[in-house]
Structures are given as structure tokens and as C-alpha cells.
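> A single structure is presented below for examination.
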Amino acid sequence: MSTVAVIDYGMGNLHSVAKALEHVANGERVVVTHEAEKIRAADRVVLPGVGAMRDCMHEIRRLGIDTLVKEVVADGKPLLGVCVGMQALMTFSDENNGVECLKILPGHVAYFGDDLHDPNTGERLKIPHMGWNQVHQTFDHPLWYNIEQDARFYFVHSYYVEPVDIGMIAGSAQYGLAFTAAISRANVFATQFHPEKSQHDGLQLYKNFLNWDGRV
Amino acid sequence: MGLAKRIIPCLDVDNGRVVKGVQFVEIRDAGDPVEIARRYDEQGADELTFLDITASSDDRQTMVHVVEQVAGQVFIPLTVGGGIRTVDDIRRMLNAGADKVAINTAAVFNPEFVREAAEKFGSQCIVVAIDAKRVNAEGEADKWEIFTHGGRKPTGIDAVEWAVRMVDYGAGEILLTSMDRDGTKIGFDLALTRAISDAVNVPVIASGGVGNLQHLVEGVTEGRADAVLAASIFHFGEHTVGEAKQQMQQAGIEVRV
């Protein structure tokens, strides 16, 4: 029986993530944990996260999750980052006056800005970017299986990922500017949106993750 | 292509049962929050808000079970309000599966609680609920004040200033209810909604007074709300969430369909 570990570092929306995974699981076991053995034993790993980046990175390091996540990536196991879990994979975040992140994917995490406007309508855009926005799939990926082009997913965030290599952008969305909604490199996939709160399409993405062997 | 305006059905829960009457044609037992949540989810609700109106704090544990059950079956954002007074209250609701909590009275009595909550859990899950009532006489400049205890107790606090302060303290969203309009079915207080929405840089949910689908449209176009909340027009089967979205779409508003 295959196992998916949802990493618990005390900062996550991990109950929602675990419930959504359990909902679509087809025999897979869902484990919420920060224990090294359990994470190492898992076939797939999810790194969730909400809240402030500095606190998240502090807990990730304190619990030794930084080295574990790097192991998972090096071992070729499928890894899914969600929201702050996606941002944590990058080099550096501008949040909290600057925070060093896991440096697994080159790039940084930027703030939307307090004076954001829709370039077409001139409408002022609020921060956080909160609600359902369309995600444009930039290339085919096993995690997009059965999800329509430009489907809507639920977002809630004030910072977004800017990868050095734009070829890693698997999905983009518009909010005053085009920003990275999903990122992919080899066995790593990560979403800025919350699949666990994105109804059918979000559940489909989790189902796709449970079926993914980590290859593109 | 961009962010959709949200439609949020609101359920009042008393001791684990939805009250104020919710009726769906196909459901016999319409007081069950899980059933009702599922139905709104199927209709395309963008989020759900549960307001715990249980009088006794002993019964609050019941709400935790409700949230747990709903969160296990409905995969859209859930907000829980009513009786959120401590960091432990928030943690309990988030652990049960809520994505956001709405803080109302406790924020008025102890504004620092909002700051503490936002620092601990992140602004994205802290909604400050504001119950406002118009206090200016006719012909005078618009002025609204904050009321607590379901609109019964005046505080003397200016509603617009309060909203700005709460965002400064870390609120990630404002749930704005007009106490003058609540239950009247004559539409939102659009001037109030616009005044607050223009004053803050976080999303504002308009609430109180919805009697028809056009009111929802006006909340967005004239009130500049980012989301609209309604209870009775959906509860009694007068309209579905899908019909509401259709009307908004026809008015040129971007919605999730």
C-alpha cells in the first residue's frame, strides 16, 4: 500500500490538505507527520503551509524538515508544495524583511504591492489576492490531467513566486500582473493556490498527484 | 480573465442545527448543516460562512463537530464566526477544518486580540466582522458606528475608522453587516459598503439586506464589495447560487461558473 506524507510543521492548513487527499485516495494511506522515518518511508510527500514565511522557515529548520525535503527531492519521489509550501521551495522571500528559503528551486518570492490595479479596467485590486482565479496551464503535465484549461482555483496570498527559469512555470494567473500559479521541475510540483479548497478541480489535482510517478 | 467576485451563503447555527429555516425541495431534514453545506457546494457557492449563535458557551464544542464534518465533505473555504474570543478558540476551529475565523465583539473589547491572532495564524485567516449602523441625521454627512451584541450595544466607534484600524492590526478581510438593513430585504447599505471598501486595501464582504439577486449585483458594482453574503434568499429556495451567478455575469461581473 502506498503512503503519502503531509508534512506537519505546525503552520499548515494540513488538516484540510489531509482531508482532501483522503477523499480522493484509492487505498493510499495519508499520514500527517514531522517524523523523519515516516517522511522517508512515504512514497509521496506534500509540503503545505499558511502564515508568515519567517515563522514557517523557522519551524521547518527547527524540525529538520529542510534536510528531509531535500532528500525527498534528491530521491526522485513526487513532492507537492502548496501555497507557502511552494514559496518555501524557492531561494529567498521578500516577506518579513527578507527570509532565506530552502533553495531547492532558484527564484524569489515577491510582494504584489499596495498599489495594484487591473491594467485593463483600472480597478484597484485588494491584497491579499483572495478568491477564485483562472489558471492558465503553460504546458502539459500529469498533474493537469482531466483539468480544463483556465479552470478556476482558490487563492489566498500576498506574495508570489518568481522563478529564475521561466520554463518552470507550469501555470500562470493574472492579478494586476501575470504571476506564477504553479511551478514544476522534475519530481517537484507546487501550486500557489489551494487545491484542497478548489472543489472538483482541486480534488482532481490531488488525485493526479497520487497517481504521479514523479516523471514529466 | 481574472479574480472572480465571490458569493457566500451564510448559515446561522444554534447548538449544531441551522436555524432561520433553510428549505431545499429535495431535503426533508433541512436543519442539518452538513446537508445544507453540501447543497450550496453543489450549487457553486464560492465559500461558506457559519455563524455560531449558540447562547451557552458549553455547547460550543458542537460547532467544532459541525465544522469537522463539513470540512470532510465540502472542499471550498469555510469561515466560522460567533464566540471567537481567544487564541484557543481560533486554533480549535482551524484544526477542525475552518479556513478563516470571523472576530466581532472580541475585537471591539480587545483590539490587540486581532493583532495577536494575525501574528499567530496569519492575516489570511483573520476576518473582522463589523456590525455598523447609520448614526447621522438626514441631510448630514454619512456616518456609521460600530454596534456589538448583535447590533444592540452602541460603542461610539466610527465604522470607517474602525475598519482601517482593524486592517492595520492584521485583519485579512472585512465582513461588513449593515444593522439597519439586516433582515429588511431592501438591499445592502451601498454607501456604507463603498465607504469601507474604498478605505481599506483588503477584500470586503457585503452583508445585510439582500432580498433579490439584483441586490447582489449592486453590492459589487455600486458598493465595490469583493464578495457578497446572503442567507434567506438562498435558504428558502427562492434562488440558487447558480441563478445569482448568472445574474451577476449578465451584469458584466466576473464570477466562477
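The values are calculated or read from the model by the stated rules, or taken from the named source; none is laboratory data. Note that the structure is predicted; figures quoted are calculated from it, not measured. Virtual Cβ from ideal backbone geometry, glycine too; neighbours counted across all protein chains shown. These accessible areas exclude ligands, DNA and RNA; they are computed on the full protein's heavy atoms, side chains included. Shrake-Rupley method; radii C 1.70, N 1.55, O 1.52, S 1.80 Å.
> Which ranges mark the strands (runs of 3 or more DSSP E) fully within the range A:111-203 that have 1 or more residues being at pLDDT 95 or above and open to solvent by 30 Å² or more (accessible area, probe 1.4 Å)?
Here the list reads A:129-134, A:152-157, A:159-163, A:169-174, A:178-185.
> In addition: Of the residues that sit in the range A:12-37 and are within 20 Å of A:A52 (Cβ to Cβ) and open to solvent by 30 Å² or more (accessible area, probe 1.4 Å), which one is modelled with the highest pLDDT?
For the range A:12-37, the residue satisfying everything is A:H34.
> On to the next question. Let me spell it out: the conditions are (1) outside any loop (DSSP other than H, G, I, E, B); (2) open to solvent by less than 80 Å² (accessible area, probe 1.4 Å); (3) within 11 Å of chain A (Cβ to nearest Cβ); (4) farther than 28 Å from B:G209 by Cβ, and B:Q124 meets all of them except one. Which number is the exception?
(4)
> Right, next: Can you tell which of B:A199, B:A227, B:A191 is in contact with a helix residue (DSSP H, G or I) (Cβ under 6 Å, 6 or more places away or on another chain) and of a type in the set (G, A, S)? Before the answer, list the steps.
Numbers: B:A227 fails: in contact with a helix residue (DSSP H, G or I) (Cβ under 6 Å, 6 or more places away or on another chain); B:A191 fails: in contact with a helix residue (DSSP H, G or I) (Cβ under 6 Å, 6 or more places away or on another chain).
The unique qualifying residue is B:A199.
> Could you check the range B:216-239 and list, in sequence order, the residues that are open to solvent by 20 Å² or more (accessible area, probe 1.4 Å) and either at pLDDT 95 or above or acidic (D, E) (or both)?
Passing the criteria: B:E218, B:T221, B:E222, B:R224, B:D226, B:E238.
> Which members of the range B:242-254 meet the condition of being buried (at least 23 other Cβ atoms within 10 Å of the Cβ) and within 14 Å of chain A (Cβ to nearest Cβ)?
From the range B:242-254, those buried (at least 23 other Cβ atoms within 10 Å of the Cβ) are B:244-245, B:248; that's our starting set.
Result: B:K245, B:M248.
> Give the residues of the range A:38-55 that are in contact with a strand residue (DSSP E or B) (Cβ under 6 Å, 6 or more places away or on another chain), within 14 Å of chain B (Cβ to nearest Cβ) and either open to solvent by less than 50 Å² (accessible area, probe 1.4 Å) or of a type in the set (G, A, S) (or both), sorted by residue number.
A:P48, A:M53
A quick yes/no check of all residues on (1) open to solvent by 10 Å² or more (accessible area, probe 1.4 Å); (2) closer than 20 Å to B:A230 by Cβ:
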position: B:E140; (1), (2): yes, no
position: B:M166; (1), (2): no, no
position: B:E173; (1), (2): no, yes
position: B:T177; (1), (2): yes, yes
position: B:R181; (1), (2): yes, yes
position: B:S197; (1), (2): no, yes
position: B:L213; (1), (2): yes, yes
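> Sort out which residues of the range A:56-82 are more than 22 Å from A:E28 (Cβ to Cβ) and either buried (at least 24 other Cβ atoms within 10 Å of the Cβ) or under 17 Å from the mean Cα position of the chain (by Cα) (or both), and write them in order of number. Even if it seems obvious, please write down each step before you answer.
Of all residues in the range A:56-82, those more than 22 Å from A:E28 (Cβ to Cβ) come to A:56-64, A:66-67, A:70, A:74.
Those that are more than 22 Å from A:E28 (Cβ to Cβ) and either buried (at least 24 other Cβ atoms within 10 Å of the Cβ) or under 17 Å from the mean Cα position of the chain (by Cα) (or both): A:C56, A:M57, A:I60, A:D66, A:K70.
> Given the options A:F139, A:F92, A:F112, name the one that is more than 9 Å from chain B (Cβ to nearest Cβ), farther than 23 Å from B:V167 by Cα and touching a residue at least 24 places away in the same chain (Cβ under 8 Å).
The unique qualifying residue is A:F139.
> Give me a count of the residues in the range B:146-164 that are crowded, with 19+ Cβ neighbours inside 10 Å and either among the acidic types (D, E) or within 14 Å of chain A (Cβ to nearest Cβ) (or both).
Number satisfying all stated conditions: 1.
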